[in-house]
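Read the structure below first, then the notes.
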Amino acid sequence: MKTIALQATVRNHTGKRDTKAIRNSGRVPGVVYDDSKATHIHLDYKETQKVLYTKDTYVVTLNMDAGDPVEAIVREAQFHPVKEQILHIDFLRVTGEKPVVVELPVKLVGTPKGVAQGGKLTIKLRKIKVKGIVSELPEELEVDVTNLDLGGTVKVGQADFGEIEVVTPASSAVASVEIPRALRSAEAEDGEGEGEGEAAVASEE
């Protein structure tokens, strides 16, 4: 998995007034969870955007102003319902021995057969949830779409991820080759033309 470093400051106060002051100063309140322990922190807003506003999934090195650096992944983030600004971020500390559940970005590989026939490749699932030790997980999950025909769909259970334990349901669609409306209309017209020809031959007989 990709890594990124953020500077974090430990919070001494956690009330609503303090939280509001943190946001007004251009920072984001957050919590780092480590088993039953929770450390309250705050981070620079623009730096935090690098972790959340991206298709990638990162292992975040939190350089704490008090104590040793902490390796973590984003567990959850809260956003303003209208302004979409980051309100709060939760991290989960990771170690080299304990498996965690994390979402990894999907990378489609190959050119589908259906695209060569006029279809349009559409991605349905941009991230897949897996479980494993962070140091052993890849940066992204490759899904081969070469054999997708017109109207075809590849599901999570049909993709080969090796030994990685997948948490996302196997029935979830990852990508499909959609048939454009113009192509469907052309096929329908061809079908009607064939029918008329058959009817004409029958009448002559």
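Tabulated values for the structure
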item: Condition met for ASP68 (over 30 Å from ASP144 (Cβ atoms) and not in a strand (DSSP E or B)); result: yes
item: Where VAL167 falls short, out of the listed (1) surrounded by 15 or more Cβ atoms within 10 Å (Cβ to Cβ); (2) at pLDDT 95 or above; (3) within 30 Å of VAL32 (Cα to Cα); (4) among the β-branched types (Val, Ile, Thr); result: (1)
item: Options LYS129, LYS107: the member that is closer than 30 Å to LYS37 by Cβ, open to solvent by 70 Å² or more (accessible area, probe 1.4 Å) and under 16 Å from the mean Cα position of the chain (by Cα); result: LYS129
item: LYS55, sole failed condition from (1) exposed (fewer than 15 other Cβ atoms within 10 Å of the Cβ); (2) touching a Pro at 6+ places or on another chain (Cβ under 9 Å); (3) of a type outside the set (A, V, I, L, M, F, W, C); (4) modelled with pLDDT of 95 or more; result: (4)
item: Scan of the stretch 34-52 for residues that are open to solvent by 40 Å² or more (accessible area, probe 1.4 Å), under 22 Å from the mean Cα position of the chain (by Cα) and hydroxyl-bearing (Ser, Thr, Tyr), ordered by number; result: TYR45
item: LEU87 vs. criteria of a type in the set (A, V, I, L, M), over 30 Å from GLU142 (Cβ atoms) and open to solvent by less than 50 Å² (accessible area, probe 1.4 Å); result: yes
item: Test result for VAL145, surrounded by fewer than 13 Cβ atoms within 10 Å (Cβ to Cβ) and either over 25 Å from ALA72 (Cβ atoms) or not basic (Lys, Arg) (or both); result: no
item: Cβ-Cβ under 6 Å pairs, at least 6 apart or on other chains, the stretch 102-119 side touching a residue at least 60 places away in the same chain (Cβ under 8 Å), far side open to solvent by 90 Å² or more (accessible area, probe 1.4 Å); result: VAL106/ARG126
item: Residue pairs meeting the criteria (Cβ under 7 Å; at least 6 apart or on separate chains; first part of a helix (DSSP H, G or I), in the stretch 32-52; second hydroxyl-bearing (Ser, Thr, Tyr) and surrounded by 14 or more Cβ atoms within 10 Å (Cβ to Cβ)); result: VAL51/TYR58
item: Pairs where the first residue, in the stretch 127-146, is without any contact (Cβ under 8 Å) to a residue 24 or more places away in the chain and among the basic types (Lys, Arg) and the second is open to solvent by 10 Å² or more (accessible area, probe 1.4 Å) and in a loop (DSSP other than H, G, I, E, B), C-beta under 6 Å, 6+ apart; result: none
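The values are calculated or read from the model by the stated rules, or taken from the named source; none is laboratory data. Fair warning: this is a prediction, and the values are worked out from it, not measured in the lab. No Cβ is skipped: glycine too gets one built from the backbone with ideal geometry, and neighbour counts run over all protein chains shown. What goes into the accessible areas is simple: the full protein's heavy atoms, side chains included, and nothing from ligands, DNA or RNA. Shrake-Rupley method; radii C 1.70, N 1.55, O 1.52, S 1.80 Å.
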